[in-house]
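Colleague: Dumping the structure here so I can ask a few things about it.
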Amino acid sequence: MTSKLQARGELLTALRLSRELTQVQLAFDVGISQAALSKVESGEARLDLETWRKVADKLMVPLSAFRAAESSTAPARIFHRKQRSTPKSAVNKVAAELSLVRLRVRDLVGDQTTSLRRHDLDGGYNTPQEVARDVRDELGLGRAPLGDLVAILEEAGVVVLRWPLESIQVDAIASWQDDTVPVILIGDHVPADRQRFTMAHELGHAVMHETEADKEQEAEADAFAAEFLAPESEIAKEWPSDASLDALLLLKRRWGISLSALIRRGKDIGRLTEQEYRQWNIHLSTTGMHRREPDPTERENPTALTTAIRKYLAEGASVEELASTAHMYPREFEQTFLQETS
Ligand SMILES: [Zn+2]
């Protein structure tokens with residue numbers, strides 16, 4: 001159990017990181033020592049009300065945010081493809097934002113439940129492909145092509161938001177902390193064609209993995225995603241005897257899987273030889289189809305949170321009230337939760 005003091009400290013840390021401030025900077029701005037701030041963040045010391053006001057001001061949240069701190073907002077364990085060039089501070093900022101999202105969503109719409117469960121790969125009892133089929137079964141999806149994947153995940157209790165992730169050069173991040181629901185942030189720079197595979201990849205991390213992903217876990221999440229989107233048993237049946245572009249585009253539309261993921265699938269299930277796979281890749285890149293695929297997939301947008309919030313508004317709640325429930329100022333609240341998606 002986290003104490004109130006600890007919870008407040010964790011929230012303070014998460015907010016500070018999300019604003020890209022160091023302890024030294026924040027301490028200086030509110031007129032205390034870095035050592036004192038460090039103790040407050042670890043839940044070992046208190047601040048007087050006047051200093052809390054300054055802190056809240058500096059972090060651009062209402063003072064009430066700190067009164068509300070109850071449960072852990074410890075920076076989330078997140079899954080993302082590590083990029084050598086991405087500064088640690090940028091990753092910490094996004095991890096902190098993700099924790100804040102969890103706290104805010106909980107306080108806005110209440111405790112949620114998920115119909116997903118965790119699957120352990122340790123011990124090699126399960127392959128990622130088996131887990132993918134199990135998750136399909138748990139969600140009642142059978143083996144058929146999947147409709148709107150974002151909607152499927154939201155239905156399963158996953159919190160999905162579009163988020164600016166280009167700065168840390170990752171397509172998406174996922175976190176599933178203990179007894180909460182999984183959260184997936186999708187980069188708002190990710191092309192629609194790649195988004196479904198990215199979402200499925202993150203879902204794979206969330207259900208299969210405990211810690212930040214290494215190379216092997218990245219491969220597992222990819223294997224999960226491929227089987228989840230397009231189960232081998234079905235794709236093998238439908239694979240065209242003459243794999244022309246038109247025939248593959250038909251499969252792309254039917255299964256909602258990009259051409260480049262599809263030819264990879266063809267290779268992995270033995271329908272394309274290594275050489276045919278290479279030729280396809282060369283073809284896609286020389287024709288520019290790697291960047292802009294024909295028959296682009298329609299963008300899938302998260303709607304569950306916005307719908308819930310709009311319902312509250314229709315029932316007479318004000319943006320100010322809802323923002324305060326989410327421990328935010330109205331402007332940031334609107335930007336975060338009510339922005340129109342394109
Ligand atoms: Zn990954």
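No lab work stands behind these numbers, since they all come straight from the coordinates. Fair warning: this is a prediction, and the values are worked out from it, not measured in the lab. Glycine also receives a Cβ, built like all others from the backbone with ideal geometry; neighbour counts cover every protein chain displayed.
Colleague: So how many Å³ per residue does the convex hull of the Cα atoms of the chain work out to?
Modeller: About 152 Å³ per residue, rounded to a whole number.
Colleague: Could I ask something else about it? Work out, step by step, the length gained on full extension between E234 and R254: first 0.36 nm times the residue separation, then minus their alpha carbon distance; give nm to one decimal.
Modeller: Full-extension gain reported as 6.0 nm.
Colleague: Same structure again: Using modelled backbone amide H atoms (1.01 Å from N, in-plane), which distant-in-sequence or interchain residues come within less than 5 Å of H209's amide H?
Modeller: The answer is none.
Colleague: Please compute the net charge surrounding I186, taking Lys and Arg as +1 and Asp and Glu as -1 over other residues with Cβ under 11 Å from its Cβ.
Modeller: With Lys, Arg at +1 and Asp, Glu at -1, the neighbours total 0.
Colleague: About the Cα centre, and with charges only on the beta carbon of Lys, Arg (+1) and Asp, Glu (-1), how big is the dipole of the chain? Nearest 20 debye, please.
Modeller: 720 debye
Colleague: While we're on this one: Could you list the chymotrypsin sites (Phe, Trp or Tyr not before Pro) in segment 108-207 that lie in coil according to DSSP, counting only those with at most 13 other Cβ atoms within 10 Å of their Cβ?
Modeller: Sites meeting the loop and neighbour criteria: Y125.
Colleague: Nearest 10 degrees is fine. How inclined is helix 192-208 to the longest principal axis of the chain, computing both from alpha carbons?
Modeller: The two axes meet at around 70 degrees.
Colleague: Could you work out how far the C-alpha centroid of segment 187-242 sits from that of segment 1-41, in angstrom?
Modeller: Using only Cα atoms to place each centre, the spacing works out to 38 Å.
Colleague: Of E130, E300, E44, which is the most mobile in a GNM of the chain whose springs link Cα atoms less than 10 angstrom apart?
Modeller: Among E130, E300, E44, the largest mean-square fluctuation in the Gaussian network model of the chain belongs to E44.
Colleague: Listed here are the pairs K58/K311; K215/K252; K215/K267; K88/K311; K252/K311; which of them are more than 29 Å apart at the Cα?
Modeller: Pairs exceeding the cut-off: K58/K311; K88/K311; K252/K311.
Colleague: Now, a different point. Taking +1 at the Cβ of each Lys and Arg and -1 at the Cβ of each Asp and Glu, which of V55, G140, H201 sits farthest along the dipole of the chain towards its positive end, judged by Cα position relative to the Cα centre?
Modeller: It is V55.
Colleague: So how do 306-318, 144-156 stack up, highest first, on mean other-Cβ count within 10 Å?
Modeller: Averaged packing, sorted descending, gives the order 144-156, 306-318.
Colleague: What does the helix-only formula give at 222 nm for the chain: each DSSP H stretch with n ≥ 4 adding -39500 (n - 2.57), the total divided by the residues, and the result rounded to the nearest 500 deg cm²/dmol?
Modeller: Result for the chain, helices only: -16500 deg cm²/dmol.
Colleague: Amide H of R162: which non-local residues (sequence gap of 5 or more, or other chain) have their own amide H closer than 5 Å, using H built in the peptide plane?
Modeller: For R162, whose amide H was placed from the backbone, the distant partners under 5 Å are I186.
Colleague: Separate question: Counting DSSP beta bridges with both partners in segment 136-234, what percentage is antiparallel, nearest 5?
Modeller: In segment 136-234, DSSP labels about 45 percent of beta bridges as antiparallel.
Colleague: Grab the Cα-Cα distance for V24 and A144, subtract it from 0.36 nm times how many residues apart they are, and report the gain in nm with one decimal.
Modeller: Additional length available on full extension: 37.7 nm.
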